[in-house]
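All remarks here apply to the structure that follows.
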Ligand code: BG6
Ligand code: MG
């Protein structure tokens with residue numbers, strides 16, 4: 001069996017934290033008089049904290065001093081962490097552990113490829129950190145998704161060529177990053193949002209072991 005590199009996004013793929021990012025950004029946006037919808041939130045998924053606030057300010061036609069900008073990023077993160085602190089393993093999304101264990105059993109490379117600077121503490125909190133061979137998070141990259149840097153770094157750490165990597169993502173920016181890196185892109189979420197992905201599933205309960213084996217045996221290709 002060949003060794004592939006399976007790269008997982010964190011928020012909205014491994015754990016159900018996308019909803020906490022949404023709540024914290026909505027609070028923050030509303031506090032400065034900017035409306036914030038679920039549809040706008042789709043454009044923030046996978047996007048770094050800094051870039052997210054820049055987009056919110058653009059939508060609201062606001063400019064801020066650097067000091068105020070940094071203060072608001074801090075407030076958003078405090079709000080977000082207040083939710084994260086309550087979190088436990090029950091917020092691991094369905095069949096994630098089963099999938100990770102199956103791939104480990106098949107001796108595949110497993111990496112995290114996340115924009116979040118909170119990735120390691122979250123993985124520790126839900127007791128999944130030890131399952132990954134490599135972690136690339138928001139502290140390690142200079143260019144945010146849709147730039148492929150995060151996934152290319154993960155491939156390098158796994159020692160697997162990008163064309164032999166598979167990315168699981170719930171964000172449009174992440175799917176674009178995977179496609180630019182010439183990796184197999186698997187969207188987790190709605191078809192209407194993630195249509196640029198090679199394959200799309202609602203969640204991991206729909207991803208069978210035989211599909212994973214087909215990927216490992218080169219029977220699944222980019223579209
Ligand atoms: C991504 C999320 O995983 O991480 C984004 O999809 C978030 O919503 C980004 O803004 C950065 O996360 P953090 O934890 O560093 O603020
Ligand atoms: Mg995500």
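The values are calculated or read from the model by the stated rules, or taken from the named source; none is laboratory data. Treat the numbers as computed from the prediction; the structure is a model and nothing was measured. All Cβ positions, glycine included, derive from the backbone under ideal geometry; neighbour counts span all protein chains shown.
Look at segment 16-29 and say how many of its residues are more than 10 Å from residue 83 (Cα to Cα) and within 10 Å of ligand 1 (Cβ to nearest atom).
Summing the residues that are more than 10 Å from residue 83 (Cα to Cα) and within 10 Å of ligand 1 (Cβ to nearest atom) in segment 16-29 gives 3.
Out of curiosity, is residue 128 buried (at least 20 other Cβ atoms within 10 Å of the Cβ) and touching a helix residue (DSSP H, G or I) at 6+ places or on another chain (Cβ under 6 Å)?
no
Could you check how many residues of segment 185-199 are closer than 14 Å to residue 173 by Cβ, free of Cβ contacts under 8 Å to residues at least 60 places away in the same chain and surrounded by 17 or more Cβ atoms within 10 Å (Cβ to Cβ)?
Residues meeting the conditions: 4.
Can you pull out every residue in segment 104-119 that is within 16 Å of ligand 2 (Cβ to nearest atom) and buried (at least 17 other Cβ atoms within 10 Å of the Cβ)?
The answer is 111, 112, 113, 114, 115, 116, 118, 119.
Condition test on residue 69, is it closer than 30 Å to residue 89 by Cβ and either away from ligand 2 (no atom under 12 Å from the Cβ) or out of contact with any strand residue (DSSP E or B) (no Cβ under 9 Å at 6 or more places or on another chain) (or both)?
Judged against the criteria, residue 69 is not a match.
For segment 1-59, please list each of the helices (runs of 4 or more DSSP H) lying entirely inside it that holds at least 2 residues being at pLDDT 95 or above and in contact with a helix residue (DSSP H, G or I) (Cβ under 6 Å, 6 or more places away or on another chain).
Here the list reads 18-31, 49-59.
Considering each residue of segment 31-51, count those that are crowded, with 18+ Cβ neighbours inside 10 Å and within 13 Å of residue 171 (Cα to Cα), and give that number.
The qualifying residues number 7.
Report the residue count in segment 84-94 for those that are over 30 Å from residue 161 (Cα atoms), more than 11 Å from ligand 1 (Cβ to nearest atom) and surrounded by 14 or more Cβ atoms within 10 Å (Cβ to Cβ). Break it down into steps so the answer makes sense when it comes.
Of all residues in segment 84-94, those over 30 Å from residue 161 (Cα atoms) come to 84-91.
Then drop every residue that is not more than 11 Å from ligand 1 (Cβ to nearest atom), which leaves 85-91.
Next, from what is left, pick out any that are surrounded by 14 or more Cβ atoms within 10 Å (Cβ to Cβ): 87, 91.
Residues meeting the conditions: 2.
Taking residue 78 as the residue in question, decide whether it is part of a helix (DSSP H, G or I), free of Cβ contacts under 8 Å to residues at least 12 places away in the same chain, more than 27 Å from residue 128 (Cβ to Cβ) and more than 9 Å from ligand 1 (Cβ to nearest atom).
Taking the combined requirement at face value, the residue does not satisfy it.
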